[in-house]
Amino acid sequence: MWNRKIVTASIASPVYAILLACGVTMTGVRENGGLSGVLCDFLLMTVAYVAVSFPIMLTYGVVTSWCSDWLANRFSSKRFRWFTSFALHILFGLVLSWLSLLAAVLFYLVDCLLQHRGDITKPHTMKSLLIPIGYLLIVTGSVYIIDVTQDLFVRFNFF
């Protein structure tokens, strides 16, 4: 179960960062930035959100999700187990209002999808930790390439 929870944190963290950055970018579109400016802002926000949310999901999210499932298995009938677990995820997710509530719901949904997939081994768990790290490296490199390309176009007056 711990392996599945760690894989869930690895998958849910970049998805949460993308959803959160979409919400922030859509509400605060700049008038003079153009498409590349908005894209760079979006990508940088996702990097920042993954860098912050992944350690939190890996510690607090994994432990509280395990507690939620354990309490639901112990004190709930088989028929209402999913509802009890979801309610406890919501309760633990209310720590930071809607920000952590969105993360808790997303964590629960990814965990349910992985639960039906089967047994997750330790090598799968270790490989899944590369998802947020790889995401950080790829997106940061993309922003760097976009900035270098923009500077090149500005320097040689291609605009």
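Helix 2-27 versus the longest principal axis of the chain: what angle, 0 to 90°, nearest 10, using Cα atoms? For helix 2-27, the angle is close to 40 degrees. Annotation: aspartates and glutamates with alpha-carbon distance below 16 angstrom to Lys78 (same-chain offsets under eight excluded): Asp69. Angle of helix 34-56 to the longest C-alpha principal axis of the chain, folded into 0 to 90 degrees and rounded to 10: 30°.
Packing here is the average count of other Cβ atoms within 10 Å per residue, and on that basis the peptides 42-51, 146-155, highest first, run 42-51, 146-155. For the range 36-121, the gyration tensor built on C-alpha atoms gives a prolate shape. Its axis ratio a/c (a ≥ b ≥ c) is at least 1.5, and a/b is the larger of a/b and b/c. Taking every protein chain into account, the accessible area of the chain amounts to 63 square angstrom per residue (probe 1.4 Å). With all protein chains in place and a 1.4 Å probe, the accessible surface of the chain carries 72 percent carbon and sulfur.
Helix 130-155 axis versus longest C-alpha principal axis of the chain: approximately 10°, rounded to the nearest ten. Shape verdict for the range 88-159, please, from the Cα gyration tensor: rounded (a/c under 1.5), prolate (a/b greater than b/c) or oblate. Here the range 88-159 falls in the oblate category.
The values are calculated or read from the model by the stated rules, or taken from the named source; none is laboratory data. Predicted, not measured: the structure shown is a model, and the values here were computed from it. Cβ atoms come from the backbone with ideal geometry, glycine included; neighbour counts cover every protein chain shown. Each accessible area value is taken on the protein alone, full model and side chains, heavy atoms only, with ligands, DNA and RNA left out. Shrake-Rupley method; radii C 1.70, N 1.55, O 1.52, S 1.80 Å.
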